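One structure is given here, and the rest of the page talks about it.
The values are calculated or read from the model by the stated rules, or taken from the named source; none is laboratory data. All values derive from a computational prediction rather than experimental measurement. Heads up, the Cβs are rebuilt from the backbone with ideal geometry, glycines too, and the neighbour counts pull from every protein chain shown. Keep in mind that these areas ignore ligands, DNA and RNA; they rest on the heavy atoms of the full protein, side chains included. Shrake-Rupley method; radii C 1.70, N 1.55, O 1.52, S 1.80 Å.
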Amino acid sequence: PHFRGDRPPEVRSDDEIGLRERHGLARDVAEHVESDAQIVAARAEPKDSLWRLLLSDLGFQFIDCSLFLELQGLSAKPFPSPRHPTRLAVPEDHAAIVRMAEDAFRLDRYHADPRFPGRLAELRHRRWMQWLLSSTHPGSRTHVIGEPGRPSAFVNVVLEGASLDMILTAVDPAQHARGIGTSLFSGMLAAMRDEGAELATGKVYSANGAI
């Protein structure tokens, strides 16, 4: 779960002090009070109820929950042939990719946070997409479905050694429920397996249940 706070943490009782010291929080609080830094966001594992309780008590509010995906042993997995063929993106696809990404970004934690200005969320996303599409990382790939200049879905990934990080994916809303997403992931994973990927990981916001 993602949390966001807008006031300095406070320690209010001896019991709380002892509990937080055992988790290293007293030091963090002291450093916070002695500096001009503000802790504005935090993340805790869903199973860690103690951290979730402490974050709530320190003034943080729950924003969203992320699901972490992991697929191991790609070299041994027989991915089915995609009904819709995939290919690598070309510059003519970028405008459509950005439009699809803007729709997907509406489901992320920046838009889910009522205290995060919408205009800043949009600015962040535009700059992030500019960085993504201009990346010179040797393992960066953007797979798409559709004719050049008219993609209906895309997924961006980064390959580091045998580890594949699935960064961002989106499907044109007009193409939902047509098997486009299934074909996209099947084709992309098969292609990246052939490049040496063994482990694929990714993160999905809970609001994006369709993925």
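Using bins of 5 Å that start at zero, the share of Cα-Cα pairs per bin across region 67-140 amounts to 3, 11, 16, 16, 19, 17, 11, 5, 2, 0, in whole %.
The residues of region 140-211 expose on average 43 square angstrom of accessible surface per residue, using a 1.4 Å probe on protein heavy atoms. For VAL158 and LEU53, a Förster radius of 25 Å and the Cβ-Cβ distance give a FRET efficiency of 0.10, rounded to the nearest 0.05. Dipole magnitude for region 96-192: about 260 debye, using +1 per Lys or Arg Cβ and -1 per Asp or Glu Cβ, origin at the Cα centre. Among the trypsin sites (Lys or Arg not before Pro) within region 114-211, those in coil by DSSP and having at most 11 neighbouring Cβ atoms inside 10 Å are ARG115. By accessible area, using a 1.4 Å probe on protein heavy atoms only, region 114-170 has 55% of its surface on carbon and sulfur.
Which whole number of Å³ per residue matches the convex hull of the alpha-carbon atoms in region 90-211? Kindly include the intermediate steps, with their values, before the conclusion.
Details: hull volume 13.4 nm³, N = 122.
For region 90-211, the hull spanned by Cα atoms encloses 109 Å³ per residue.
The length gained on full extension between ARG127 and ARG43, counted as 0.36 nm times the residue separation minus their Cα-Cα distance, comes to 27.9 nm.
With 0.36 nm allotted per residue and the present C-alpha distance subtracted, the THR136-ASP103 stretch has 9.4 nm of extension available.
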